[in-house]
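Enquirer: Dropping a structure here in structure tokens format, bear with me for questions.
The values are calculated or read from the model by the stated rules, or taken from the named source; none is laboratory data. Computed from a predicted model, the values in this text were never measured in an experiment. Note: ideal-geometry Cβ built from the backbone for every residue, glycine included; neighbour counts use all protein chains shown. These area figures cover heavy atoms from the full protein model, side chains too; ligands, DNA and RNA do not enter into them. Shrake-Rupley method; radii C 1.70, N 1.55, O 1.52, S 1.80 Å.
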Amino acid sequence: MLRRNFVKSSLGMAGAAIAAGEAFGTAPMAKNKFKLKYASHFGMFQNSAGKDVIDQLKFMADQGFMALEDNGMMGRPVEQQEAIAKEMTRLGMEMGVFVVDKGGNGANTLAAGKKEYVDIFLNGCKKAVEVAKRVNAKWMTVVPGDFERNLPIGVQTGHVIDALRRGAEILEPHGLVMVLEPLSDTPNLFLRTSDQTYEICRGVNSKSCKILFDIYHMQKNEGRIIHNIDMTWSEIDYFQIGDEPGRKEPTTGEINYKNVFKYIYDRSKKENKSFIMGMEHGNSQSGKEGEAALIKAYVESDSFAI
């Protein structure tokens with residue numbers, strides 16, 4: 001073969017490899033080609049990659065995890081936010097959720113209808129816009145806070161909807177989405193189930209207010225994962241992962257993640273949608289061996305037939 005033809009052929013194959021990697025949403029040279037877009041977080045692979053966050057990003061991409069979520073992104077120095085965003089752009093990674101700072105999950109509850117609490121939330125939304133621009137993010141997690149038990153539940157719900165509408169007005173012009181997360185951490189939290197979150201999103205009636213369906217929390221609070229994803233599908237914009245019990249990687253608990261992932265993949269493909277799947281869980285084993293086991297668990301759970 002003439003050298004120029006060999007070079008052309010080699011470049012063509014390289015281009016095809018890159019295109020294939022992009023089609024799967026993973027880096028061209030990644031060790032794993034996942035069907036879904038799994039978002040790991042800092043610290044998950046620090047035994048293998050070291051403590052430097054840029055090195056961790058490189059390791060994530062090398063393993064095929066082409067998204068990141070970072071709950072504490074708003075608290076990072078601006079220069080670090082910019083460095084993370086620059087490296088993610090270079091790697092072709094996508095930013096998942098960070099948490100809107102409103103003083104903690106239970107604090108400054110929107111259910112109370114108090115102006116000072118709403119103001120803290122709205123100020124958090126305004127700051128989140130600037131962070132989102134800096135790190136190329138679209139989604140941010142919002143937890144409305146605790147119940148205000150001296151008020152009827154309908155009044156509390158109305159207060160939450162009113163506050164979230166005002167937050168959505170801040171985010172919508174920028175194409176940003178707050179995703180509401182029902183939690184199982186304590187029964188004092190106002191937002192607990194997927195159907196309740198669906199109702200609130202329908203009440204807010206904004207493309208900037210959707211559901212974060214955390215499969216771990218919803219397994220604890222309501223079960224019937226695929227059924228409830230189906231029921232609330234139109235308002236879901238983001239998923240998070242964790243097995244139950246233990247909140248560790250898939251295959252370590254009772255949730256059949258291979259079936260759950262297949263349902264999300266099949267329906268998303270049919271409707272031409274795409275979700276980030278946040279890996280918001282711990283590692284079941286310590287050290288490099290535990291990180292290798294976590295990667296193996298995702299390879300196994302992502303191996304459903306299509």
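Enquirer: Which residues, taken from the range 179-210, are part of a loop (DSSP other than H, G, I, E, B) and either in contact with a strand residue (DSSP E or B) (Cβ under 8 Å, 6 or more places away or on another chain) or of a type in the set (Val, Ile, Thr) (or both)?
Expert: Matches in the range 179-210: Glu181, Pro182, Leu183, Thr186, Asn188, Phe190, Leu191, Thr193, Lys207, Ser208.
Enquirer: As an exercise: evaluate Lys288 against (1) closer than 14 Å to Lys35 by Cα; (2) surrounded by fewer than 15 Cβ atoms within 10 Å (Cβ to Cβ); (3) not polar (S, T, N, Q) and give the number of the one condition it does not meet.
Expert: (1) is the only condition that Lys288 fails.
Enquirer: Of Lys133, Lys127, Lys138, Lys102, which residue is in contact with a Gly (Cβ under 8 Å, 6 or more places away or on another chain), open to solvent by 50 Å² or more (accessible area, probe 1.4 Å) and in contact (Cβ under 8 Å) with a residue 12 or more places away in the chain?
Expert: Going through Lys133, Lys127, Lys138, Lys102 in turn, the sole match is Lys138.
Enquirer: When the residues of the range 147-177 are filtered to those that are outside any helix (DSSP H, G or I) and more than 22 Å from the chain's Cα centre (by Cα), which remaining residue is nearest to Glu116 (Cα to Cα)?
Expert: Among those that are outside any helix (DSSP H, G or I) and more than 22 Å from the chain's Cα centre (by Cα), it is Glu148.
Enquirer: Quick check on my filter: what residues within the range 28-79 are out of contact with any strand residue (DSSP E or B) (no Cβ under 6 Å at 6 or more places or on another chain), among the polar types (S, T, N, Q) and touching a residue at least 60 places away in the same chain (Cβ under 8 Å)?
Expert: Passing the criteria: Asn32, Ser40, Asn47, Ser48, Gln63.
Enquirer: Find the residue count for the range 50-65, including only residues that are outside any helix (DSSP H, G or I) and open to solvent by less than 10 Å² (accessible area, probe 1.4 Å).
Expert: Counting residues in the range 50-65 that are outside any helix (DSSP H, G or I) and open to solvent by less than 10 Å² (accessible area, probe 1.4 Å) gives 2.
Enquirer: For the range 211-224: of the residues being assigned to a helix (DSSP H, G or I) and in contact with a strand residue (DSSP E or B) (Cβ under 9 Å, 6 or more places away or on another chain), which is most open to solvent (accessible area, probe 1.4 Å)?
Expert: As a first pass, look at the range 211-224 and keep what is assigned to a helix (DSSP H, G or I): 215-221.
Retained after the next criterion (residues that are in contact with a strand residue (DSSP E or B) (Cβ under 9 Å, 6 or more places away or on another chain)): 215-217.
Values: Ile215: 0, Tyr216: 22, His217: 1 Å².
Within the range 211-224, the match that is most open to solvent (accessible area, probe 1.4 Å) is Tyr216.
Enquirer: Could you say which residue among Ala163, Ala83 is of a type in the set (A, V, I, L, M) and either open to solvent by 10 Å² or more (accessible area, probe 1.4 Å) or in contact (Cβ under 8 Å) with a residue 60 or more places away in the chain (or both)?
Expert: Result of the check over Ala163, Ala83: Ala83.
Enquirer: Right, something else. Among the residues of the range 230-259, what is the count of those that are open to solvent by less than 40 Å² (accessible area, probe 1.4 Å) and either acidic (Asp, Glu) or under 13 Å from Phe275 (Cα atoms) (or both)?
Expert: Selection size over the range 230-259: 11.
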